[in-house]
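A.B. asks: The structure's right below; bear with me while I get my questions together.
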There are 6 protein chains.
Amino acid sequence: MGVHTYFKSLSDLEHLYRLPGKFKFQSHTVAAHSFKVTKIAQFLGTVEEMNGETVNWRSLYEKSLNHDYAELFTGDIKTPVKYATVELKELFSQVEEQMARKFIEAEFPEEFHEAYFNRFKEGKDSSLEGRLLSVADKVDLLYEAYGEILKRNPDPLFFEIYEEALTTILKFQELHSVKYFIDQVMPDMLAEKFMPHSELRDLTERIINRCE
Amino acid sequence: MGVHTYFKSLSDLEHLYRLPGKFKFQSHTVAAHSFKVTKIAQFLGTVEEMNGETVNWRSLYEKSLNHDYAELFTGDIKTPVKYATVELKELFSQVEEQMARKFIEAEFPEEFHEAYFNRFKEGKDSSLEGRLLSVADKVDLLYEAYGEILKRNPDPLFFEIYEEALTTILKFQELHSVKYFIDQVMPDMLAEKFMPHSELRDLTERIINRCE
Amino acid sequence: MGVHTYFKSLSDLEHLYRLPGKFKFQSHTVAAHSFKVTKIAQFLGTVEEMNGETVNWRSLYEKSLNHDYAELFTGDIKTPVKYATVELKELFSQVEEQMARKFIEAEFPEEFHEAYFNRFKEGKDSSLEGRLLSVADKVDLLYEAYGEILKRNPDPLFFEIYEEALTTILKFQELHSVKYFIDQVMPDMLAEKFMPHSELRDLTERIINRCE
Amino acid sequence: MGVHTYFKSLSDLEHLYRLPGKFKFQSHTVAAHSFKVTKIAQFLGTVEEMNGETVNWRSLYEKSLNHDYAELFTGDIKTPVKYATVELKELFSQVEEQMARKFIEAEFPEEFHEAYFNRFKEGKDSSLEGRLLSVADKVDLLYEAYGEILKRNPDPLFFEIYEEALTTILKFQELHSVKYFIDQVMPDMLAEKFMPHSELRDLTERIINRCE
Amino acid sequence: MGVHTYFKSLSDLEHLYRLPGKFKFQSHTVAAHSFKVTKIAQFLGTVEEMNGETVNWRSLYEKSLNHDYAELFTGDIKTPVKYATVELKELFSQVEEQMARKFIEAEFPEEFHEAYFNRFKEGKDSSLEGRLLSVADKVDLLYEAYGEILKRNPDPLFFEIYEEALTTILKFQELHSVKYFIDQVMPDMLAEKFMPHSELRDLTERIINRCE
Amino acid sequence: MGVHTYFKSLSDLEHLYRLPGKFKFQSHTVAAHSFKVTKIAQFLGTVEEMNGETVNWRSLYEKSLNHDYAELFTGDIKTPVKYATVELKELFSQVEEQMARKFIEAEFPEEFHEAYFNRFKEGKDSSLEGRLLSVADKVDLLYEAYGEILKRNPDPLFFEIYEEALTTILKFQELHSVKYFIDQVMPDMLAEKFMPHSELRDLTERIINRCE
């Protein structure tokens, strides 16, 4: 039924939860993830620009915003399944692309086809913008895992995800923004600690003494 | 880490929601669905037995209880994706089976391997029990769709699911229990209506008059 | 309104939460609990069979699946209330049974009455299957408490539940499957530990060094 | 552990949901219900006072605030169970009172015992304040049922609750505040209607025409 | 539409969450908060009375019950915003009061105006009851923060809230009930500890040994 | 603590719910809203470009992504409060800007200050991109209200929001994309209807007949 269907479908991404089938203290939807990835890509692009690189901002934003839209058609298939065999991965990408194409042809008037074919294509190519998307996607995943670890989720899965995300980010070490992230942002993340429960008594005594 | 890992994994099915990416008034987990399918299969088996058929109850319960366990490894992949091409469907089944096999070999001591290979196998075969599972699975899906329609979910998807579920059930019309379901259960489902809001005023007046 | 009402009532068990009135990190419904108890009973029965016992599988599955259905009529009354006095416990069991009987008579055609009277009866008798249900019910409760302790729920209640569940399981020490659970499963549960937050820094450094 | 335990227990009422085991669009906790009942009792008391009655405000507030605190010990037992037999009802009341008494003796220093025995006693006696509590409790229940009916909950249960609540309120017709509720408040409730979806088109056209 | 609108609005407070925009393990609504503050005020008033003070109970209950009702009109604006400048704070109070007044004039018949103007006025004045409300409001906030700290919420915000709440409570040290809270209640709060996960193994061994 | 704090704050927007204090069938977070507004702005910009306008894409994306970030500091203050008096509105804008500025100065290294001052500034200016943001923001609000109306939320508020949103969109009728939205998208929205529950019986009969 046209662009109306497309606009309505945006809300479906608010009902798609990342990492289904696992206990998490904090759940994240694909809509929120897409928002955060785009904001992180914006920051990474800013660092690149400050270091003399030319960023195609329109491309960076388009790639980031749309990078998980196809999950609407496929669901959030667990990564080990997606990549179980080379054949499967290949077939899978084809199916994902076909379904996106079919959706665009069904819902968008013809004059929009090309623009949206491009927007729904896999964005993680070797361009600067494609690499920044790859990094931004993993930075948000790293933060999701970090959030669970900090809240003391006992599932070792989150350490594995943290490790996988960081390892992928480090594959792009040639980027100024990755250097910045490793050198300037991560130390703050790791330095963070929270007051143990045992300090509550001291804090309380200090407040009481101060007020007397 | 052995059977402990298997026992813990049962709880993961409480975090796997059916039909992700769609607004529903009422969500259903794979754990709850498995419970309901087994209870429905129990009823269908009872009808078969009352009509002189021999039911292998152990097999019927095993098939029903375990029929969606593999979703733990694959996530809830949207059906249109799973069946997009014959090749993909084939590959998917293989991957699903491999992952279940790998899990069993990793977690269960050897003496349990055979029992659990059989339990995690696709149960919807042509045996009476396999067919009863096929029907029970769709009866619960029908009720899920019906629940949304009754609550006035505006998404036409639920009419499509209702139609697909009923059509599949009717493919097993030769079963006594399917005849029973169509002839005895569905009329009650369709007869159900709820008092419209407009009757509230009448009801109120009747109560007030009665109490005066 | 017949079997349709029974099928619909299955979904009510998805709205009945265990242990109401207490903060939990992870909630469990009666539907999901029934599913897990039946899966655990399946495993326990398998161990018995491997040790030469004869298991009546149909009975074991029926008992497990249905063991909490009556909570639909009574709600999840807190155990200390249920057992406050011998008289109350006795009266309570009577009421529960009467309500189940009334439901069956109201909703099921007569030919199903006997089958469902049996299914809704208290299943925890002294038969092998009755004892396996008693154990399976407490194993799932143990896992529920363990899950909260692992996530660091500060309420001492979960230690009490853990203790009560384990104590009850140990009353059935004569069962092969209880021996198996204590000797083979529990050590893995107790050996489980999660990387403390402080290891995050080390892990990070190792990853960075490895990638450079 | 004293009054600290009492203060902490208040938060448990935020985890106790009313009408468990039923699909509702909107859930209500015992904490929120207690708040609303007290606010409604406040209004009813105001009407009584304006009509020349003497209201013991301290008593009215104490009764309202505390009227469901004992559910903390017993859970929210379904009414048909509670009242299944006269004997059971009697025993239940005794158990509830014993548990409240035991809690007070365990947690409160002795100088508070009498005050809290009185506060946790059944408040629905024949005093003006006791009757106002009976009415306020049912007015909130009526609003809960009405909210579901308005949102088109298809479960006929909510019509039954509405009917039961209104019938009970009408048993107190001799109260000025009940007369006020029936004559002045209920007509507004019943007059409420919402624009049907079909008017959306008209509204849209009117807005567009107005803006052109 | 009159008092009906007022009664319905009470339920809106069940949809207003405190401290929006922050991860919490346990959320609290304004309705539940109002309930708990009133119960705490009740206890504090009891302590005052036992120490020879005269408590105007009607006033204490009215102030407590209604103290956050105006948030219905304004939302839960973050405190640093509210108090950013003296001017803003001043304007803000005026707007809040105007909106409450407008609501009362629109919904309540004239004979109720005065009573409700008084009820919706800021209750934290210098009377005994006003001071008891100030304390009760902060005691509940203290418990909210304490609950997060105990569950190991890593956000330092909850230590800040704990500190701010306790500091405010101590400003009312002249009150008997504040002395009681500091001397009798807080030590129990601070003494509370939960068994570390590591004790699970010991506990298990003790239970097993005891049962053998 | 630097950019790490900024990255973490993005997740806070996942905990900020729009339209607090009202019953909604479907809740929306500020994070998801920001995502959808940016996607809608992308579409509107595409229409402008196809009609010969020059779109500054970088600016359009920056404005859309960041337009509600300041709610992190202020909460979601109800619009009638924000705009109660001209003075208040003025003061509010100042406070909002000051708080964003303070955050940037505290968390970002100096080289990023200018970029982020611009990003967190009010984006709804008279530039093409500013106007497209104004429209996109209201289109998403329109869809939020429409979603509630379609699900039959009885609160007339959603009709009022629908009206307000559409009226604001129409203030930008000179834009090609607004014309497109009114002429091409809205008719599909209004034509949407869902099969009434009563058609379920017909559908069922048709399926049964077809399968026989």
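A.B. asks: If you go through region B:74-87, how many residues are within 7 Å of chain A (Cβ to nearest Cβ) and modelled with pLDDT of 75 or more?
C.D. replies: Result for region B:74-87: 2.
A.B. asks: Across region C:95-123, which residue is farthest from the other protein chains (Cβ to nearest Cβ) among those that are under 18 Å from C:Leu60 (Cβ atoms) and among the hydrophobic types (A, V, I, L, M, F, W, C)?
C.D. replies: Of everything passing the filter in region C:95-123, C:Phe120 is farthest from the other protein chains (Cβ to nearest Cβ).
A.B. asks: Additional query: Of the conditions (1) free of Cβ contacts under 8 Å to residues at least 60 places away in the same chain; (2) within 14 Å of chain D (Cβ to nearest Cβ), E:Arg131 fails just one. Which one is it?
C.D. replies: Tallying (1) free of Cβ contacts under 8 Å to residues at least 60 places away in the same chain; (2) within 14 Å of chain D (Cβ to nearest Cβ), E:Arg131 fails exactly one: (2).
A.B. asks: Which residue out of A:Ser59, A:Ser64, A:Ser27, A:Ser34 is under 30 Å from C:Glu148 (Cα atoms) and within 18 Å of the chain's Cα centre (by Cα)? Please lay out each step first, then the result.
C.D. replies: Working: A:Ser59 fails: under 30 Å from C:Glu148 (Cα atoms); A:Ser64 fails: under 30 Å from C:Glu148 (Cα atoms); A:Ser34 fails: under 30 Å from C:Glu148 (Cα atoms).
Every option except A:Ser27 fails the conditions.
A.B. asks: Among the listed residues C:Thr168, C:Thr204, which satisfies the condition of being among the hydroxyl-bearing types (Ser, Thr, Tyr) and more than 15 Å from the chain's Cα centre (by Cα)? Before you say what the answer is, go through the steps one by one.
C.D. replies: On the way: C:Thr168 fails: more than 15 Å from the chain's Cα centre (by Cα).
Of C:Thr168, C:Thr204, the one residue that is among the hydroxyl-bearing types (Ser, Thr, Tyr) and more than 15 Å from the chain's Cα centre (by Cα) is C:Thr204.
A.B. asks: Okay, moving on. Within region F:185-201, identify whether any single residue is in contact (Cβ under 8 Å) with a residue 24 or more places away in the chain, within 13 Å of chain A (Cβ to nearest Cβ), out of contact with any Ser or Thr (no Cβ under 7 Å at 6 or more places or on another chain) and buried (at least 19 other Cβ atoms within 10 Å of the Cβ), and answer yes or no.
C.D. replies: Checked against the condition, which is being in contact (Cβ under 8 Å) with a residue 24 or more places away in the chain, within 13 Å of chain A (Cβ to nearest Cβ), out of contact with any Ser or Thr (no Cβ under 7 Å at 6 or more places or on another chain) and buried (at least 19 other Cβ atoms within 10 Å of the Cβ), region F:185-201 yields at least one hit.
A.B. asks: Going residue by residue through region F:177-189, is there one that turns out to be of a type in the set (A, V, I, L, M, F, W, C) and over 18 Å from A:Gly2 (Cβ atoms)?
C.D. replies: No, every residue in region F:177-189 fails to be of a type in the set (A, V, I, L, M, F, W, C) and over 18 Å from A:Gly2 (Cβ atoms).
A.B. asks: If I go through region B:126-143 residue by residue, how many of them are over 9 Å from the mean Cα position of the chain (by Cα) and among the acidic types (Asp, Glu)?
C.D. replies: Total meeting the criteria: 1.
A.B. asks: Does region D:158-195 hold any residues that are under 27 Å from F:Gln26 (Cβ atoms), modelled with pLDDT under 90 and aliphatic (A, V, I, L, M), and which are they?
C.D. replies: Correct list: D:Met189, D:Met195.
A.B. asks: Which of (1) within 20 Å of the chain's Cα centre (by Cα); (2) part of a helix (DSSP H, G or I) is the odd one out, the single condition C:Gln173 does not satisfy?
C.D. replies: Tallying (1) within 20 Å of the chain's Cα centre (by Cα); (2) part of a helix (DSSP H, G or I), C:Gln173 fails exactly one: (2).
A.B. asks: Related question: For region D:97-107, check the following and say yes or no: at least one residue is surrounded by fewer than 20 Cβ atoms within 10 Å (Cβ to Cβ), at pLDDT 90 or above and aromatic (Phe, Trp, Tyr).
C.D. replies: yes
A.B. asks: Still on this model: Could you name every one of the helices (runs of 4 or more DSSP H) located completely within region D:1-112 that has at least 1 residues being free of Cβ contacts under 8 Å to residues at least 12 places away in the same chain and within 14 Å of E:Lys39 (Cβ to Cβ)? Spell out the reasoning first.
C.D. replies: On the way: elements: D:3-12, D:30-50, D:57-66, D:71-74, D:79-82, D:86-107.
Hits in region D:1-112: D:3-12, D:30-50.
A.B. asks: Check off (1) outside any helix (DSSP H, G or I); (2) more than 10 Å from every other protein chain (Cβ to nearest Cβ); (3) in contact with a helix residue (DSSP H, G or I) (Cβ under 8 Å, 6 or more places away or on another chain); (4) surrounded by fewer than 21 Cβ atoms within 10 Å (Cβ to Cβ) for A:Ser126 and give me the number that stays unchecked.
C.D. replies: Result: A:Ser126 fails condition (3) only.
A.B. asks: Looking at (1) of a type in the set (Phe, Trp, Tyr); (2) away from chain E (no Cβ under 14 Å); (3) part of a helix (DSSP H, G or I), which is the only condition D:Tyr180 fails?
C.D. replies: D:Tyr180 satisfies all of (1) of a type in the set (Phe, Trp, Tyr); (2) away from chain E (no Cβ under 14 Å); (3) part of a helix (DSSP H, G or I) except (2).
A.B. asks: Given A:Phe120, A:Phe112, which one is out of contact with any His (no Cβ under 8 Å at 6 or more places or on another chain), modelled with pLDDT under 90 and aromatic (Phe, Trp, Tyr)? Working first, answer last.
C.D. replies: On the way: A:Phe112 fails: modelled with pLDDT under 90.
After ruling out the rest, the residue left standing is A:Phe120.
A.B. asks: Could you tell me which numbered condition D:Val185 fails, if it satisfies all but one of (1) among the hydrophobic types (A, V, I, L, M, F, W, C); (2) touching a Gly at 6+ places or on another chain (Cβ under 9 Å); (3) closer than 21 Å to F:Phe159 by Cβ?
C.D. replies: (3)
A.B. asks: Report whether or not D:Glu122 is within 24 Å of C:Gly75 (Cα to Cα) and more than 20 Å from the chain's Cα centre (by Cα). Step through it out loud before you land on a result.
C.D. replies: Numbers: within 24 Å of C:Gly75 (Cα to Cα): yes; more than 20 Å from the chain's Cα centre (by Cα): no.
So D:Glu122 does not fit the description; no.
A.B. asks: Can you tell me which of (1) within 12 Å of chain C (Cβ to nearest Cβ); (2) in a loop (DSSP other than H, G, I, E, B) is the one B:Val139 doesn't meet?
C.D. replies: That leaves (2) as the condition not met.
A.B. asks: Just name the residue that is surrounded by the most Cβ atoms within 10 Å (Cβ to Cβ) out of those in region A:148-167 that are part of a helix (DSSP H, G or I) and within 7 Å of another protein chain (Cβ to nearest Cβ). Give the derivation first.
C.D. replies: Within region A:148-167, the subset part of a helix (DSSP H, G or I) is A:148-150, A:157-167.
Filter once more, so that each one left must be within 7 Å of another protein chain (Cβ to nearest Cβ): A:149-150, A:159, A:163, A:166-167.
Details: A:Ile149: 21, A:Leu150: 21, A:Phe159: 18, A:Glu163: 16, A:Leu166: 23, A:Thr167: 14.
Among those that are part of a helix (DSSP H, G or I) and within 7 Å of another protein chain (Cβ to nearest Cβ), it is A:Leu166.
Yes or no, residue by residue, for (1) within 30 Å of F:Tyr69 (Cα to Cα); (2) at the interface with chain D (Cβ under 7 Å from one of its Cβ atoms); (3) surrounded by fewer than 21 Cβ atoms within 10 Å (Cβ to Cβ):
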position	(1), (2), (3)
E:Phe7	no, yes, no
E:Glu14	yes, yes, no
E:Lys22	yes, no, yes
E:Phe25	yes, no, yes
E:Ala32	yes, yes, no
E:Glu49	no, no, yes
E:Glu53	no, no, yes
E:Tyr61	no, yes, no
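A.B. asks: Which one of the conditions (1) more than 10 Å from the chain's Cα centre (by Cα); (2) of a type in the set (A, V, I, L, M, F, W, C); (3) within 16 Å of F:Lys8 (Cβ to Cβ) does A:Leu10 fail to meet, given that it meets all the rest?
C.D. replies: Of everything listed in (1) more than 10 Å from the chain's Cα centre (by Cα); (2) of a type in the set (A, V, I, L, M, F, W, C); (3) within 16 Å of F:Lys8 (Cβ to Cβ), A:Leu10 misses just condition (3).
The values are calculated or read from the model by the stated rules, or taken from the named source; none is laboratory data. Every value quoted in this text rests on a predicted model; they were computed, and no experiment measured them. All Cβ positions, glycine included, derive from the backbone under ideal geometry; neighbour counts span all protein chains shown.
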